[in-house]
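Every read-out reported here was derived from the displayed coordinates using simple, explicitly stated rules and does not represent laboratory data. Since we're looking at a predicted model, the values are computed, not measured. Don't worry about glycine lacking a Cβ; one is built from the backbone with ideal geometry, like all the others, and counts go over all protein chains shown.
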Amino acid sequence: MFRPFGAPDAEAQGRRLRKIARERGLKLLVGADDALAGALEADGVHLPERLAHRATRLKAAHPAWIVTAAAHSARAARQGLASGADAVVVSAIFPSTSPSAAAPIGPLRLSQLVRRVGGPVYALGGINNKTARRLRDAGLVGLAAVDGFRT
């Protein structure tokens, strides 16, 4: 997930990331900028919670794209999926140093949220080898965790 948010060299950075993603067989999503995603030939976009309603339009315009939406509650996760997102990214799960990280919800609340949402959920925030094991131990085996670690 590439979140350049107005960086003057966003396209150059994105092209480098796209090359790396292709070499490694990874998917590249661009944060909140469908024009940049198109220019980079990215695999899709990631929408902030406040823009989740755009998912249906983006999926219609780019059927092959993966469209995800941020969610910080079960309600927002359900709305993101109902708005056409392929998956929601819930954060923060564990304490994180990210400037945008909210208070962590922990694996138990994440597990409850996943059950209530009824769709694909990705975890974000403070995930590393140790905390990913806590997700697995909470029964979230099928949950793919981001922050550079996948379960």
Along region 79-90, Karplus-curve 3J(HN,Hα) (6.51, -1.76, 1.60; θ = phi - 60°) to the nearest Hz, with x for Gly and Pro, reads 5, x, 5, 5, 7, x, 5, 6, 7, 10, 10, 9
Evaluate E = 1/(1 + (r/R0)^6) for GLN13 and ARG133, where r is the Cβ-Cβ distance and R0 equals 35 Å; express this FRET efficiency to the nearest 0.05. 0.60
Would you compute, from DSSP H runs of 4+ residues alone, the mean residue ellipticity of the chain at 222 nm, taking -39500 (n - 2.57) per run and dividing by the full residue count, rounded to the nearest 500? -11500 deg cm²/dmol
Work out the length of the dipole vector of region 1-69 about its Cα centre, built from +1 on the beta-carbon of each Lys and Arg and -1 on the beta-carbon of each Asp and Glu, and round it to the nearest 20 debye. 160 debye
The longest stretch of the chain containing none of the trypsin sites (Lys or Arg not before Pro) that sit in a DSSP loop with at most 13 other Cβ atoms within 10 Å is 28-149
How big, in percent, is the set of alpha carbon pairs in region 56-144 lying more than 16 Å apart? 52 percent
Between ALA82 and ALA102, what length in nm is gained on full extension when 0.36 nm per residue of separation is reduced by their alpha carbon distance? 4.9 nm
The extension gain from ARG3 to ARG22, computed as 0.36 nm times the residue separation minus the Cα-Cα distance, is 5.1 nm
Mean separation of Cα contacts under 8 Å (6+ apart) over length of the chain, as relative contact order %: 14 percent
³J(HN,Hα) computed for each position of region 59-75 - Karplus, 6.51 cos²θ - 1.76 cosθ + 1.60, integer Hz, glycine/proline x: 5, 5, 6, 9, x, 7, 6, 8, 10, 10, 9, 6, 8, 10, 7, 4, 4
Computed over the chain, Cα set: Rg, Dmax in Å: 15.1, 42
